[in-house]
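One structure is given below, encoded as structure tokens.
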Amino acid sequence: MSNTYLSKEYWNGLIKMSLSKLLILRILYEEPLHGYEISKRIFHMTNGCCAPTEGALYPVLREFEEGKYVSRESLTIVGRQRKVYTLTEKGKEAYRIAIESWQETALVLLQAGKELKGGQKLKTLKIEWKHLDVEGETCDRCYDTGENLNQEVKRLNRALQSNGITIELTETKLDDTKIPQSNTILFNGVPIENILDIKISENYCDSCSNLLGTETYCRTVMFEGNEYEEIPAKAIRQAAFKVLGIEDEKKVPAGNSCCGCSSSSCC
């Protein structure tokens with residue numbers, strides 16, 4: 001017992017145990033699923049780092065059900081009876097609160113790690129963009145977000161390359177069953193609205209309605225007192241710097257302006 005706290009396995013187990021409830025809420029926030037699929041999704045989402053066993057998963061699901069954070073129904077899936085779990089409105093609110101709390105903790109841990117390593121900052125920022133794709137076409141809102149995002153990733157890579165920081169952008173294409181997830185950006189797995197003071201709403205989307213042939217409502221974002229149908233470039237930039245632990249983007253070394261010019265006021 002005296003060497004317990006010197007074991008990386010101990011700390012890994014403690015972290016994974018603490019994360020299990022958040023990850024279950026995260027997966028069910030996307031869509032209703034049965035237990036095996038929840039575990040499989042968590043495994044893939046965390047690149048195999050976390051995969052709750054049956055003995056760990058179902059007690060949490062029972063706890064969520066008793067607290068009315070999830071509801072359960074028996075469905076026949078591929079010829080088998082499965083208990084499918086659906087996140088309730090109470091569960092969605094719990095997820096939003098949980099992710100905000102974990103994000104605050106993650107930023108503190110990143111800062112602590114930076115200090116421990118003599119001031120080194122996070123070296124890679126992974127940005128994931130999720131958007132509707134219908135036979136290679138997307139809606140106007142997603143298109144505009146994509147334009148903003150691609151431009152900002154190029155700017156950030158130019159501005160931060162001398163710091164040894166790389167921005168990696170991945171694109172996840174969604175079908176019409178996942179409209180609520182469309183036009184979202186995640187920074188190291190955390191949605192932009194949980195990094196900045198952004199409120200999410202929705203309104204009628206003419207472009208999506210034309211693409212899908214049915215009346216469709218899509219996400220909007222409230223940022224700095226204005227409502228946007230696309231995610232603005234400034235929000236993308238601010239979120240990136242915040243996750244990277246750069247409190248003031250003006251502290252990026254001179255000569256690395258966004259557009260590569262010598263003017264500090266160009267971008």
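Order of 216-226, 161-171 by packing, highest average Cβ count within 10 Å first?
Ranking, from highest mean packing down: 216-226, 161-171.
From the backbone phi of segment 55-71, what are the Karplus-calculated ³J(HN,Hα) couplings (6.51 cos²θ - 1.76 cosθ + 1.60, θ = phi - 60°) in whole Hz, Gly and Pro given as x?
Computed from phi, the couplings for segment 55-71 are x, 9, 6, 5, x, 5, 4, 5, 4, 4, 5, 5, x, 6, 8, 9, 10 Hz.
Relative to the present Cα-Cα distance, how much length would full extension add between Glu65 and Asn226 at 0.36 nm per residue of separation?
The span from Glu65 to Asn226 would gain 54.2 nm if fully extended.
Where both partners of a DSSP beta bridge lie in the chain, what percent of those bridges are antiparallel, to the nearest 5?
Around 75 percent antiparallel, to the nearest 5.
For the chain, modelled as a GNM with alpha-carbon contacts under 10 angstrom, which of Glu135, Glu227, Glu63 fluctuates the most?
Glu135
How charged is the neighbourhood of Thr76? Take every other residue with its Cβ under 14 Å from the Cβ of Thr76, and add Lys/Arg as +1 and Asp/Glu as -1.
+2
Peptides 97-104, 75-82, 205-212: what's the order by average Cβ count within 10 Å, highest mean first?
205-212, 97-104, 75-82
So, R0 is 35 Å and r is the distance between the beta-carbons of Lys16 and Lys83; what FRET efficiency does that work out to, to 0.05?
The pair Lys16/Lys83 has a calculated efficiency of 0.90.
Can you give the FRET efficiency to the nearest 0.05 for Asn3 and Ala98, using r as the Cβ-Cβ distance and R₀ = 51 Å?
Approximately 0.95, to the nearest 0.05.
For the chain, with only Lys/Arg (+1) and Asp/Glu (-1) charged at the beta-carbon, what is the dipole magnitude about the Cα centre, in debye rounded to 20?
The dipole of the chain has a size of about 1260 debye.
Using 7 Å Cα-to-Cβ label points, what is the Glu30/Tyr217 separation (nm, one decimal)?
2.4
Under the rule of at least 5 residues apart or a separate chain, name every residue whose amide H is placed under 5 Å from the amide H of Leu132.
Amide H to amide H, under 5 Å and 5 or more residues apart or across chains, Leu132 pairs with Cys139, Leu174, Asn183.
Two decimals is fine: what is log10 I(q)/I(0) at q = 0.10, 0.13, 0.15, 0.20 Å⁻¹ for segment 121-251, from a Debye sum with one equal scatterer on every Cα and no solvent?
These q points yield log10 I(q)/I(0) values of -0.32, -0.53, -0.69, -1.13.
How far, in nm, would the chain grow between Lys178 and Thr105 when pulled straight, counting 0.36 nm per residue and subtracting the alpha carbon separation?
Contour length minus the Cα-Cα distance gives 23.4 nm.
Would you be so kind as to identify which of Tyr204, Tyr228, Ile127 lies farthest towards the positive end of the dipole of segment 121-251, taking Lys and Arg as +1 and Asp and Glu as -1 on Cβ and the Cα centre as origin?
Value computed over the given set: Ile127.
Å³ per residue of the Cα convex hull, for segment 51-99?
Enclosed volume per residue, from the Cα hull, is 101 Å³.
Dipole size in debye (nearest 20) for segment 121-251 around its Cα centre, Lys and Arg Cβ +1, Asp and Glu Cβ -1?
980
Just name one of Cys49, Asn3, Ile246: the one whose Cα is farthest towards the positive end of the charge dipole of the chain (beta-carbon charges, Lys/Arg +1, Asp/Glu -1).
My answer, from the dipole projection, is Asn3.
What is the distance in Å between the Cα centroid of segment 1-60 and that of segment 166-227?
With segment 1-60 and segment 166-227 each reduced to a Cα centre, they are spaced 27 Å.
Kindly give Rg over Rh for the chain, based on alpha-carbon atoms, with the Kirkwood expression for the hydrodynamic radius.
Reported Rg/Rh, Kirkwood definition of Rh: 1.00.
Every number in this text was worked out from the coordinates using simple rules, so none of it is lab data. These numbers were taken from a predicted model, which means no experiment stands behind them. Cβ coordinates were reconstructed from backbone atoms using ideal geometry, including for glycine residues, and neighbour counts include every protein chain displayed.
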